[in-house]
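Note sheet for the following structure.
The values are calculated or read from the model by the stated rules, or taken from the named source; none is laboratory data. Not measured: the values here are computed from a predicted model. FYI the Cβ positions are ideal-geometry reconstructions off the backbone, even for glycines, and counts take in every protein chain you see.
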Amino acid sequence: MELKSTSSCQTPLMMNSKILTSSHIEQLDTWWCPSITDIEPYVHVILSNLTYITSIELKSKIFSNIDYRLEYTRENLIDQYTTWRSYRLLNNKQEKILFDPPIIAKHVRLNMKQIKKNLCIHFELFGCIFTDGVVSYSMLQGSNKLEDDTYDGQYDEKQRYLYDGLGQLSDGQTGPDNHEDARGLQWVGWRKPRSIKTNHSITILFNFDTLRNFSRMTIHANNYYPKNIYIFRSVTIEFLNNNNELINNSSLIIYHNQHDDQFEMARAIMIDLKNYIASKLKIRLYFDGNTILISEITFDSFIVPILTLTKTKTTKTTTIKTIQQQSLQKETYNFTIYIIVCLSTMAIILILAAIIILIRRTLNNHKKIKKHYFTPIHNHTNSSTSTTSSDIDFHSNQHRYATISSTHPYLLCTNGSINSNTSPHYAKLIPTTTLLRTPSLIQQNHIESICGNSAFSTQRLFTFDMNQNQFIPMHQINIKRKLEPRKQIVGGGEICQGELQINQSIVPITIRRLLPNASVQSKISFFNEISLLTSLCHPNIIHAYGFCSEPTVSLLTESLDLTSIDLYQYLQHYKQEQQMNDSLYATTIFFGSQIASALTYLESLHIYHRDIAARNCLVTLDLTLKLYDLAMSNEIYTDDYVLVTVGNDIETRRPIRWCAWETICLNRFTSKSDVFSFGILLWEILTMAERPHSLLDDNQVLCNLRNSNHYLLIPSCGLDLIDLISSCWHKCDYDRPSFCQINHILCQKQQQLMTKNIDNYQQTN
């Protein structure tokens, strides 16, 4: 779910709520004039759902000071036995008051302390729907200075036990990485008794508004290991009915968390709840160190529709069993349909493959066909040495290049993917990422990562739990050489080239490594970079194999080899050879569609690359393009990055000739700023890697950016792309197309090329 806060949760609530008064009159608007005859005048707001209430606004035409008391409850039905909870207002003399923490309620009551003649009040509540459905949780109170200070339920002082209320674990506010700073009160923590050595746990019981189907639980925990604060070693989740009994014997989930003594920052641990059904959840957190710190626990679930509810245990158990049987039958039916669809798809693919093979054989046997789609310059030199683009000599014969022919009859649209037969190590699940996390200070102000490369950015949380399928032991890694670092602004890391043993094969890799003396901010930035890159899986994006924690934390990614070169140097090579002038349009469509496919994927995950350019695209031997982020660390591209001042007088490097104006003037990055840079990438291909604004110096380029002036002459060979490229350069980012739209347009143009080339081929034969 999305974490709520006072800034992002400000929807007016009164419009869709029922309003009652102490005079038993239903209000039709938000103006209320209490009667002087009422002994205890109040206005009662009945909300449509459990709701986060983040603020209240009261106005009066005559009186400036209105004295009132605020009460609320989460109960569905209101009667004489209803327990109303009071919310302490530090200053109720203001017109608008922000609730910190927010209130979670179904009913809100405003009690007037003093009635004045001719008093009429306009009031409004602001907030948003509370989708978790939690009405209370019960647990042992936190240890000294780590208590749940905002808990609104009952407290047994003798047992130090909290029950029948909500507090900091459900207020939508996550704690900082360092629990000792000014915002550290957002953490609830427990210390393990010294007398207990192993298997000590903390139990929390969550009560929900009704029977729910649970898909995921997210626990925001701290891992400040220098103070022996670790994320829990494991957690058990029990699914209970209203009588605190297990729904069935299998309603238990055990989750084990990997011990982490590398990153001392807070993170969200996402646990799959496998769509189990329950009205209560009991979780046990087992200690991995001396202290557990939790700031938020959220649930993804939906209400299970039940036609009738009785108070007998037998009916409830039967209802639950019926629901589970229906779910099982539905799953079986869906699985059968899935098998049929898969088999049908496979049959269609085999038929199409047979047709394509027959066509290709016919074409290969035809004497008049002399051109091929790929025309590599062959090389018979065998070497396993890894290289980077800085090692490439345009005039060397030790590398293979390929060209695109515009006359090939089968220029197929593949949604940006040239080779669909990806290696087995690409088979990873894309995580569901719906929690918000504030980027580190480094990510907010710099596109440069701690290792000198340009870093992706996102407002989404990509988390990894140091699990074994992404961990790579040190004995599988062979470091060949360390790249000479250029002067970095951020610092804290380094880049090496090496080899990785996967099964029986050796593959070249790039190793991004955290230095032992890195700052906390650098560690947070690097943690976020690992989390994001290891979560991506797309054939046109550089692949992250995983991470290694010895001797220091490292990220292992795909690397350039002797058959790869970046797009800028690829274009420069053929510009000198003058071999591609007649096929530049086809080349632009061919390469552009691949990068557009990769960026459409990133856009769907709300990830921004922030350094789209030909230098950040790798071209493999089979002309597959892979988007990567290491050009910024390469000495040959130093002049492309200029020192500028952004934000609060912070100096940072930016590729200003590829930047949208808002990234420099407002320090704001979005997918639409990537769209702007993508338009320049298309221009680079059409011009065979010309430098944007080559007649202007850096100061003139910056001046144009700050005045929102941008113009590049598009070559005549790209006239059909003028509308698309120009739309990418709109001053207003909301007027620029999305990558989904761009990808669709390029695929259409690719299909048109294919049709045209087939027609030309048939006419010549």
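Which one of CYS740, CYS717 is within 21 Å of SER583 (Cβ to Cβ) and in the same structural domain as ILE664 (by TED's automatic domain parsing)? Answer to the selection: CYS717.
Taken over the stretch 268-297, the criterion of being under 21 Å from ASP148 (Cβ atoms) and either touching a helix residue (DSSP H, G or I) at 6+ places or on another chain (Cβ under 8 Å) or assigned by TED's automatic domain parsing to the domain that holds GLU550 (or both) is satisfied by GLY289, THR291, ILE294, SER295, GLU296, ILE297. Taking LEU169 as meeting all but one of (1) outside any strand (DSSP E or B); (2) at pLDDT 85 or above; (3) touching a Gly at 6+ places or on another chain (Cβ under 9 Å), write down the number of the exception. Every listed condition holds for LEU169 apart from (3). The condition of being outside any helix (DSSP H, G or I), of a type outside the set (Asp, Glu) and either modelled with pLDDT of 85 or more or touching a helix residue (DSSP H, G or I) at 6+ places or on another chain (Cβ under 9 Å) (or both) holds for THR54.
On the stretch given as the stretch 520-564, residues that are within 18 Å of ALA598 (Cα to Cα), of a type in the set (Val, Ile, Thr) and not in a strand (DSSP E or B) total 2. Of the numbered criteria (1) surrounded by fewer than 21 Cβ atoms within 10 Å (Cβ to Cβ); (2) under 28 Å from the mean Cα position of the chain (by Cα); (3) over 24 Å from GLU651 (Cα atoms), the one ASN478 fails is (2). Kindly check whether there is at least one residue in the stretch 260-278 that is of a type in the set (Gly, Ala, Ser) and in a strand (DSSP E or B). Yes: the stretch 260-278 contains one or more residues that are of a type in the set (Gly, Ala, Ser) and in a strand (DSSP E or B).
Out of curiosity, is GLU180 of a type outside the set (A, V, I, L, M) and assigned by TED's automatic domain parsing to the domain that holds ILE19?
On the way: of a type outside the set (A, V, I, L, M): yes; assigned by TED's automatic domain parsing to the domain that holds ILE19: no.
No, not satisfied.
Table: residues versus (1) in a helix (DSSP H, G or I); (2) under 24 Å from PHE456 (Cα atoms).
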| residue | (1), (2) |
| --- | --- |
| GLU662 | yes, yes |
| VAL675 | yes, yes |
| PHE678 | yes, yes |
| GLU684 | yes, yes |
| MET688 | no, no |
| HIS693 | no, no |
| ASN699 | yes, no |
| CYS703 | yes, no |
| SER727 | yes, yes |
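Residues in the stretch 613-640 that are in a loop (DSSP other than H, G, I, E, B) and surrounded by fewer than 22 Cβ atoms within 10 Å (Cβ to Cβ): THR620, LEU621, ASP622, LEU623, THR624, ASN634. For the stretch 716-741, how many residues are modelled with pLDDT under 90 and under 11 Å from LEU682 (Cβ atoms)? Residues that pass the stated criteria total 1. Annotation note: Cβ proximity below 6 Å between a residue of the stretch 623-634 that is under 10 Å from ASP611 (Cβ atoms) and assigned by TED's automatic domain parsing to the domain that holds ILE495 and a residue that is of a type in the set (S, T, N, Q) and in a strand (DSSP E or B) (sequence gap 6+ or interchain) occurs for ASP629/SER454; MET632/SER454.
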